[in-house]
Structure formats: C-alpha cells, structure tokens
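The structure appears right after this line, and notes come after that.
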Amino acid sequence: MDMKGNTILITGGGSGIGRGLAEAFHKLGNQVIISGRRKDVLDQVTAANPGMKSLPFDIEDATGVKTFAEKVIADFPKLNAVVHNAGIARMENLKEQKDVSDAEAMVATNVLGPIRLNSALLPHLLKQPKATVITVSSGLAFVPLAAGPTYSATKAFLHSYTQSLRHQLQGTKVQVIELPPPYVQTELAGPQQATDPRAVPLAVFIAGVMDILTKKPDATEAVVKECEAFRNAINGEGFDKAFTAVNSMFDAH
C-alpha cells in the first residue's frame, strides 16, 4: 500500500482504532473521510484534524448503503481505499441468553456491514490505478473468547471473507490487507477497556500497524507483535497447503 496520496474512507472513524488510523493516515497527507453513527463525535475529530472530512452513516442501515456509497464516490471521486473498521462487541452468557438482539446487532454491524459496503464500493475501486481494501478483524478471529462467542465468530467470518476477497482479486490493482488487533485500550467492550493495563495502548498499536504498512507495502496482513501468538495459532504450512489445494480445484474451471 502506498502510504501517501490516497483518498481513504474509514468506517467507525470517530473513536478508538478507527480514529487512530484516520489521524495516522491524515498526518501522512492522505485525504481521509471518516464515517460513523454519531455526527457530533465525527465533528469533534474533523475539528481536531483540519482537512479531514466526515460523512455520518450507520453501517447497520442495509437500505442506505448504496446511497451512502454513491455519495462518497460523488464527493470524493479519487477514493481508492476503504478501511472496514466499524464494529461492536458485547459479551454473552449463552446459558442464560433469552434475547439474541445483541448477537443480531453484532452480525449486522461486523458481518453484513462490511459485505454490503464492500459490494457497493468495489466496482469503483477496481477502476482506480491502485486501490486498497483493509479489513479490521481481531486476534479473536483465530482464538475465540468464550465470553464473546458471537463477536469472536463475526471476526472469524471477516478473516475468512478477507482471504476469499484477496484470492478473487488476484490480477487486479486492488490490494487486500487484514488488520487483526490484539486487546487494545479502546472503549469497544466498555469504558473499562480504555484503561485496562492488560490491553495494548492505542498509540502503541497504531504505531505498530503503520510501521508494518510502511516497511511492507505488499503486505497481506498487518499483525503487530502483540497479536502474533493469536495469528500463529492457526497459521502455518498445513493451512497454506490446504487453502491452495481447495481453491485450485475451482480456479481450474
């Protein structure tokens, strides 16, 4: 990925990892557009970062995705990168769960959101001289947290989806990068997470990601050292061989 000269849409860019990435790319001179549910929060971020733009949008809004994508492209025709970052995390006690609304909300945001938005933007991205799709999954995509079963599963989905997307886009000018965060000091799972000493400081995580993307412009994954143990739990020669074997059966047709 070229680290400068891009026009980048970052979903969930009003706080946490999304804001951290937005500000990091903004400082490099990229045109950054952030989206999210809360306009007041987006306004605070853009005010603190002159030149950054925002477009309010609820990623759960299935009927509004097409219109949102069309507006982004109309307002920013040079759009050549999207960071699928918007996500929610809620813990679940499956033994006592009688209401699955939390699970449904996580699937709508973490799974259907990226699918719908990627589908709406990809035709435009494929026309660009060079483009990038970044998906923000999680270390829990590889080693699930039992207390967050649906959240972990949605991130496992995003990891699998990203691999398939990358494979299908071989031969195009669209680079696909997966970014799996470890446990980071944000408010994703509640205010207490932002100060949890067990979590990686947000600034440290963002710096690690940007370092990887800068030093490895052809990277397919940006795995910071704090997440390597999770990623390596399923990574290895056996998986790579199996992935190649199963896909070669269909690529031949």
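The values are calculated or read from the model by the stated rules, or taken from the named source; none is laboratory data. These figures come from a predicted structure and were not determined experimentally. Here the Cβ is made from the backbone with ideal geometry for all residues, glycine too, and neighbour counts use every protein chain on show.
Summary table
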| quantity | calculated |
| --- | --- |
| Residue count, the range 1-43 (criterion: outside any strand (DSSP E or B) and either more than 25 Å from residue 190 (Cα to Cα) or touching a residue at least 24 places away in the same chain (Cβ under 8 Å) (or both)) | 28 |
| Pick from the range 49-74, criterion small (Gly, Ala, Ser) and either assigned to a strand (DSSP E or B) or within 15 Å of residue 8 (Cβ to Cβ) (or both), ranking: farthest from the chain's Cα centre (by Cα) | 51 |
| Exclusive hit being at pLDDT 95 or above, closer than 19 Å to residue 8 by Cα, of a type outside the set (S, T, N, Q) and not in a strand (DSSP E or B), set 153, 219 | 219 |
| Any hit, the range 106-116, residues being in a strand (DSSP E or B) and closer than 30 Å to residue 233 by Cβ | no |
| Number of positions in the range 90-111 that are among the hydroxyl-bearing types (Ser, Thr, Tyr), in contact (Cβ under 8 Å) with a residue 24 or more places away in the chain and farther than 14 Å from residue 58 by Cα | 0 |
| Single match in 175, 163, 185, 168 (criterion: polar (S, T, N, Q) and touching a Ser or Thr at 6+ places or on another chain (Cβ under 6 Å)) | 175 |
| Test set (1) in contact with a strand residue (DSSP E or B) (Cβ under 9 Å, 6 or more places away or on another chain); (2) surrounded by fewer than 19 Cβ atoms within 10 Å (Cβ to Cβ); (3) within 18 Å of residue 106 (Cβ to Cβ) - residue 159 fails condition number | (2) |
| Residue that is over 26 Å from residue 157 (Cβ atoms) and either assigned to a helix (DSSP H, G or I) or without any contact (Cβ under 8 Å) to a residue 12 or more places away in the chain (or both), where the choices are 123, 77 | 77 |
| One residue from 195, 172 being surrounded by fewer than 19 Cβ atoms within 10 Å (Cβ to Cβ) and within 27 Å of residue 23 (Cβ to Cβ) | 195 |
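Conditions tested, residue by residue: (1) at pLDDT 95 or above; (2) out of contact with any Asp or Glu (no Cβ under 8 Å at 6 or more places or on another chain).
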| position | (1), (2) |
| --- | --- |
| 118 | yes, yes |
| 145 | no, yes |
| 157 | yes, yes |
| 178 | yes, no |
| 184 | yes, yes |
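Let's see how each residue does on (1) within 26 Å of residue 183 (Cβ to Cβ); (2) surrounded by 15 or more Cβ atoms within 10 Å (Cβ to Cβ); (3) modelled with pLDDT under 95:
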| position | (1), (2), (3) |
| --- | --- |
| 20 | yes, yes, no |
| 41 | yes, yes, no |
| 44 | yes, yes, no |
| 56 | no, yes, no |
| 71 | no, no, no |
| 78 | no, no, no |
